[in-house]
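Novice: After the C-alpha cells below, expect a handful of questions from me.
The values are calculated or read from the model by the stated rules, or taken from the named source; none is laboratory data. These figures come from a predicted structure and were not determined experimentally. All Cβ positions, glycine included, derive from the backbone under ideal geometry; neighbour counts span all protein chains shown.
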Amino acid sequence: MSTTNESPKKTLRRLAEARRGVLVPGAFNAMSARVIEDLGFEAIYITGAGVTNMYLGLPDQAFMGLHEIAEHTARIRDAVNLPLLVDADTGFGNALNVRHTVRVLERAGADCIQLEDQVSPKRCGHFSGKAVIDTDEMLGKIKAAVDARQDSDLLVMARTDAAAVHGFEAAIERAQKFSEAGADILFVEAVTLADEVRAMPQRLNKPQLMNMVIGGKTPTFGAQELGALGYGFVLYANAALQGAVAGMQKALTALRDDKRLEEDPALVAPFAERQRLVGKPQWDALERLYI
C-alpha cells in the first residue's frame, strides 16, 4: 500500500527496491484494472498483448500502436489509484520515437514504461521466430527514454528477448548494459531453465521483473519463492485475460445450451457486484449533489 501522500511513482520505486516478489497482474481495460485493485494487489501492468487480444481481437504481433496503449492507460489511470507499469513494446520506432512515446505515456498516467529490444514488428516473448536489434541501438532507446521523462520518479523498465536468440549469457550481458544506460528495472524475457531464473538476481544489480506466462516457456515459480530469490516484481500479464475468456466461454455455453441464464455466481457476477465495481453508488451520490 502507498504511504501517506506518496505518489504512485514513488510507491512503485519503493516496491521495486524492496525486491520481495510483488505480484503484478495485467489489465486490458479499466474494468479489469478495477478488479485487480479491488482484490488488493499493489500495482497493475497494462499489457500490450492483452489490449491487442481483447481490444483488436488479434495476436500479440505489433498490431497495437502508441495511441491505443495511451488511450487505455488514460482510462485505467482515471479508474484506479495503483501504480501503472505500461507495456510500450519496442517504443514504436527508433530513439526519437521512444522520446515521443515516453512523453505521451507519461501524460496518460504511466508510472513505469517498459521498452524491449525486439526487431519491429515485435511478437509475444513466448512466440518463436523473434529477432533483436543491436545492443547499441537499444542503449540509445533507453537513454532517450530516461532523458524524455518529465518526472524523475517515472521508472524505465528495459526488457531483452536475447535469451531466445543469442542465449542466456548474452541476455545477461545485454541487461547489464541496459542498467548502465539508466534503466531502473530489468526484464529478461522467456528464459527456459529453472537455474537461469534462480541465477539472475545474483547476476544483475538492478531490481528485476520475472514474467510468469501461463502456458509459456519459463518454468513456473511462486511469487514468494521469486521474492526470496530477490526479484522485485512477478508479472502475470494475462491471467485476468485468460480468466475472462474462460468465464465468457462458460457463461455463453450455458446460455447457448439452456436458452436462458439466471444470476448464478458460478457463471456470472451478480448485477449488484457489477454496479459496485463501476462505482454506481458514488455516481448516484454525485447525481443527488448536482441535480
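Novice: Go over the candidates Gly216, Gly129, Gly182 one by one and state the one that is out of contact with any Gly (no Cβ under 6 Å at 6 or more places or on another chain), free of Cβ contacts under 8 Å to residues at least 24 places away in the same chain and either of a type in the set (Phe, Trp, Tyr) or assigned to a loop (DSSP other than H, G, I, E, B) (or both).
Specialist: The conditions single out Gly129.
Novice: Determine if the stretch 139-150 includes at least one residue that is modelled with pLDDT of 95 or more, part of a loop (DSSP other than H, G, I, E, B) and either at negative phi or surrounded by 16 or more Cβ atoms within 10 Å (Cβ to Cβ) (or both). Talk me through it step by step, then tell me what you get.
Specialist: Narrowing the stretch 139-150 to residues modelled with pLDDT of 95 or more: 139-150.
Now drop any that are not part of a loop (DSSP other than H, G, I, E, B), which leaves 149-150.
From what's left, either at negative phi or surrounded by 16 or more Cβ atoms within 10 Å (Cβ to Cβ) (or both): 149-150.
For the stretch 139-150, residues modelled with pLDDT of 95 or more, part of a loop (DSSP other than H, G, I, E, B) and either at negative phi or surrounded by 16 or more Cβ atoms within 10 Å (Cβ to Cβ) (or both): present.
Novice: For the stretch 199-213, what are the residues that are touching a helix residue (DSSP H, G or I) at 6+ places or on another chain (Cβ under 9 Å), in a loop (DSSP other than H, G, I, E, B) and closer than 23 Å to Asn53 by Cα?
Specialist: Met212
Novice: Residue by residue through the stretch 230-273, note down the ones that are surrounded by 12 or more Cβ atoms within 10 Å (Cβ to Cβ), assigned to a helix (DSSP H, G or I) and hydrophobic (A, V, I, L, M, F, W, C).
Specialist: Ala239, Ala240, Leu241, Ala244, Val245, Ala251, Leu252, Ala254, Leu255
Novice: Considering only residues that are touching a helix residue (DSSP H, G or I) at 6+ places or on another chain (Cβ under 8 Å) and part of a helix (DSSP H, G or I), look in the stretch 185-198 and name the one that is farthest from Ser128 (Cα to Cα).
Specialist: Arg198
Novice: To continue, here is another question. Could you tell me how many of the residues in the stretch 205-229 are closer than 16 Å to Asp184 by Cβ and surrounded by fewer than 18 Cβ atoms within 10 Å (Cβ to Cβ)?
Specialist: Number satisfying all stated conditions: 1.
Novice: Which is in the same structural domain as Ala164 (by TED's automatic domain parsing), within 22 Å of Lys143 (Cβ to Cβ) and either at pLDDT below 95 or not in a helix (DSSP H, G or I) (or both), of Phe63, Phe92, Phe41?
Specialist: Phe92
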